[in-house]
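Can you keep this structure in mind? I'll have questions shortly.
The values are calculated or read from the model by the stated rules, or taken from the named source; none is laboratory data. As the structure is a computational prediction, the values presented were derived from the model and not from experiment. Virtual Cβ from ideal backbone geometry, glycine too; neighbours counted across all protein chains shown. The area values use the complete protein model at the heavy-atom level, side chains included, leaving out ligands, DNA and RNA. Shrake-Rupley method; radii C 1.70, N 1.55, O 1.52, S 1.80 Å.
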Amino acid sequence: MRVLLWAASVMLLLAVLALVAADLWVRKQYEPALDTFSADMTANVDLFCEEQAKLAADPWFHEPHTEGDAGPLLNVWLGWDPAPKMPADSPLQVPAALEGKKDWEVLLASDFDFSTLDFGWMKQLQAFDRWDTLKHTPAPLPEPYFYLTASIPNYIPLQTWAKLRLIHGIRSGQPLEAARDVRHLAWLAYRSDTLIGAMIATAILGIERKAHDSMQTPPPEWRPMSAEQGERMRAVFWASMAFSSIATPVEVARKARTCGEPISRCTGLGESVGMARYLQPVAEGPYRPAYAALGEAMASTPCPTSLAKTLWARGATLQDAPPDGTAIPTLPAWTKALPTGRSGKHVAGILLSFGIQNIDNLKNLRAMPASADAAP
């Protein structure tokens with residue numbers, strides 16, 4: 001009996017040691033990356049707030065807009081990725097003669113008669129100040145909503161049409177009117193509350209700046225967003241997603257979401273809530289304070305679009321069956337019977353470490369001189 005007891009004790013001790021070793025090995029796969037990310041967020045939250053304040057001072061963020069949703073128009077006019085394609089009768093169809101001529105210099109030197117193009121749809125969009133990409137969609141949203149693989153509008157034609165509009169404005173002697181149309185198009189892309197929309201808006205504003213610089217004597221009242229502000233906009237909106245991640249320390253995330261004018265808040269929430277919802281079955285336990293803080297932010301942030309709220313309420317999780325034809329990782333059915341405490345923390349930690357967003361562009365702003373439009 002003593003021998004059997006000794007043997008059982010040794011086996012139990014070895015099993016415990018093996019479990020401890022396995023636990024340490026798994027933690028080493030994600031904890032260093034998450035610790036580095038957490039320290040990076042903490043060290044740079046003040047920089048984020050300062051740069052967002054400089055960006056929010058830009059006149060573009062203070063131009064007046066008529067309240068309304070452009071989704072019923074843009075969601076129908078544009079093609080979606082991966083489907084459906086742009087309707088054949090869409091006013092955003094680019095003429096066949098301009099296919100393959102999307103570079104600014106090529107278009108500017110083209111002998112195409114831009115006065116034959118119909119820019120009336122841009123005037124229609126002046127009646128709206130936001131673009132909800134989840135309402136009035138070509139097809140009903142899937143239930144639950146898999147944001148990671150769901151079709152999204154193809155924003156690229158907006159850049160092409162911005163170039164066409166500006167060239168026509170320059171050639172017709174009405175660059176200011178063209179600039180107003182293009183700046184509003186950029187605003188609607190930004191106010192889709194998506195990261196890709198913010199990046200497209202930055203690109204469109206860059207096209208406006210290029211058009212301005214192409215004129216020998218542009219109107220003195222035409223003041224495009226500066227290149228420095230464009231870089232700042234790209235960096236701030238990209239970083240807003242990282243600062244709303246559940247992997248960011250709660251107080252750091254709260255500070256980033258509440259400091260200054262909330263120009264990037266809804267974009268950051270919309271992008272981070274989707275991942276938080278996806279990981280909720282395994283992450284809510286170990287990251288309970290972060291989920292509570294996200295819930296508070298959702299309740300107190302009046303975002304103009306339904307993206308963040310839809311993801312928070314109806315977003316897909318790891319335990320949901322993915323749509324046909326997608327390769328989204330999901331938990332096998334038998335894992336639902338496992339305790340989610342320790343194992344859930346490991347799964348959440350590994351997946352979070354894979355999805356870490358760097359804020360290098362934000363940190364690079366320290367070396368960039370402030371533009372004339374960046375005075376809070």
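Taking the condition of being assigned to a helix (DSSP H, G or I) and closer than 30 Å to residue 212 by Cα, how many residues in segment 76-93 meet it?
To start, the set of residues in segment 76-93 that are assigned to a helix (DSSP H, G or I) comprises 76-77.
When the remaining residues are screened for being closer than 30 Å to residue 212 by Cα, the result is 77.
Residues flagged as assigned to a helix (DSSP H, G or I) and closer than 30 Å to residue 212 by Cα within segment 76-93 amount to 1.
Among the residues of segment 1-37, how many are at pLDDT 65 or above and more than 20 Å from the chain's Cα centre (by Cα)?
Quick first cut of segment 1-37, residues at pLDDT 65 or above only: 25-37.
Now drop any that are not more than 20 Å from the chain's Cα centre (by Cα), which leaves 25-36.
The qualifying residues number 12.
Quick one: is residue 90 surrounded by 13 or more Cβ atoms within 10 Å (Cβ to Cβ), more than 18 Å from residue 261 (Cβ to Cβ), touching a helix residue (DSSP H, G or I) at 6+ places or on another chain (Cβ under 8 Å) and modelled with pLDDT under 95? Can you show your working first?
Values: surrounded by 13 or more Cβ atoms within 10 Å (Cβ to Cβ): yes; more than 18 Å from residue 261 (Cβ to Cβ): yes; touching a helix residue (DSSP H, G or I) at 6+ places or on another chain (Cβ under 8 Å): yes; modelled with pLDDT under 95: no.
Criteria not met by residue 90.
Another one. Which of the residues spanning segment 94-115 are in a helix (DSSP H, G or I), surrounded by 10 or more Cβ atoms within 10 Å (Cβ to Cβ), more than 29 Å from the chain's Cα centre (by Cα) and touching a residue at least 12 places away in the same chain (Cβ under 8 Å)?
Correct list: 97, 98, 107, 108, 114.
Also: If I go through segment 271-305 residue by residue, how many of them are small (Gly, Ala, Ser) and within 24 Å of residue 197 (Cβ to Cβ)?
Looking only at that region, the number is 6.
Another one. Does residue 149 satisfy being within 30 Å of residue 274 (Cα to Cα), in contact (Cβ under 8 Å) with a residue 12 or more places away in the chain, of a type in the set (Val, Ile, Thr) and in contact with a helix residue (DSSP H, G or I) (Cβ under 8 Å, 6 or more places away or on another chain)? Step through it out loud before you land on a result.
Numbers: within 30 Å of residue 274 (Cα to Cα): yes; in contact (Cβ under 8 Å) with a residue 12 or more places away in the chain: yes; of a type in the set (Val, Ile, Thr): yes; in contact with a helix residue (DSSP H, G or I) (Cβ under 8 Å, 6 or more places away or on another chain): no.
Against the criterion (within 30 Å of residue 274 (Cα to Cα), in contact (Cβ under 8 Å) with a residue 12 or more places away in the chain, of a type in the set (Val, Ile, Thr) and in contact with a helix residue (DSSP H, G or I) (Cβ under 8 Å, 6 or more places away or on another chain)), residue 149 does not qualify.
Still on this model: If I filter segment 46-59 down to residues being aliphatic (A, V, I, L, M), out of contact with any helix residue (DSSP H, G or I) (no Cβ under 8 Å at 6 or more places or on another chain) and not in a loop (DSSP other than H, G, I, E, B), which single residue comes out as nearest to residue 125 (Cα to Cα)? Walk me through it before giving the result.
Residues of segment 46-59 aliphatic (A, V, I, L, M): 47, 53, 55-57.
Within this subset, residues satisfying the condition of being out of contact with any helix residue (DSSP H, G or I) (no Cβ under 8 Å at 6 or more places or on another chain) are 53, 56-57.
When the remaining residues are screened for being not in a loop (DSSP other than H, G, I, E, B), the result is 53, 56.
Working: 53: 28, 56: 23 Å.
If we take residues in segment 46-59 being aliphatic (A, V, I, L, M), out of contact with any helix residue (DSSP H, G or I) (no Cβ under 8 Å at 6 or more places or on another chain) and not in a loop (DSSP other than H, G, I, E, B), then 56 is nearest to residue 125 (Cα to Cα).
Does segment 270-314 hold any residues that are at pLDDT 95 or above, in a helix (DSSP H, G or I), more than 24 Å from residue 345 (Cβ to Cβ) and in contact with a Ser or Thr (Cβ under 9 Å, 6 or more places away or on another chain), and which are they?
Matches in segment 270-314: 307, 308.
I've got another one for you. Looking at segment 184-200, is at least one residue at pLDDT 95 or above and in contact with an Asp or Glu (Cβ under 6 Å, 6 or more places away or on another chain)?
Within segment 184-200 (the criterion being at pLDDT 95 or above and in contact with an Asp or Glu (Cβ under 6 Å, 6 or more places away or on another chain)), the answer is yes, since at least one residue qualifies.
Shifting gears a bit: Out of all the residues in segment 116-136, which are under 20 Å from residue 200 (Cα atoms), surrounded by 15 or more Cβ atoms within 10 Å (Cβ to Cβ) and either free of Cβ contacts under 8 Å to residues at least 60 places away in the same chain or among the β-branched types (Val, Ile, Thr) (or both)?
Hits for segment 116-136 are 121, 133.
Among the listed residues 264, 244, which satisfies the condition of being in contact with an Asp or Glu (Cβ under 8 Å, 6 or more places away or on another chain), small (Gly, Ala, Ser) and in contact (Cβ under 8 Å) with a residue 40 or more places away in the chain? Spell out how you get there, then give the answer.
Working: 264 fails: in contact with an Asp or Glu (Cβ under 8 Å, 6 or more places away or on another chain).
Unique residue meeting the criteria: 244.
Here is a check on your reading of the model: is residue 35 surrounded by 15 or more Cβ atoms within 10 Å (Cβ to Cβ) and of a type in the set (Asp, Glu)?
Here the answer is no, as residue 35 does not meet what is asked.
Quick one: is residue 315 open to solvent by 10 Å² or more (accessible area, probe 1.4 Å) and not polar (S, T, N, Q)? Step through it out loud before you land on a result.
Details: open to solvent by 10 Å² or more (accessible area, probe 1.4 Å): no; not polar (S, T, N, Q): yes.
No: the conditions fail for residue 315.
Now a separate question. Which ones in segment 60-75 are in a helix (DSSP H, G or I) and free of Cβ contacts under 8 Å to residues at least 60 places away in the same chain?
Going through segment 60-75, the residues in a helix (DSSP H, G or I) turn out to be 60-62, 71-75.
Within segment 60-75, 62, 73 meet the criteria.
Checking residue 55 against (1) at pLDDT below 90; (2) surrounded by 10 or more Cβ atoms within 10 Å (Cβ to Cβ): exactly one of these is not met. Which one?
Going through the list (1) at pLDDT below 90; (2) surrounded by 10 or more Cβ atoms within 10 Å (Cβ to Cβ), residue 55 breaks only (1).
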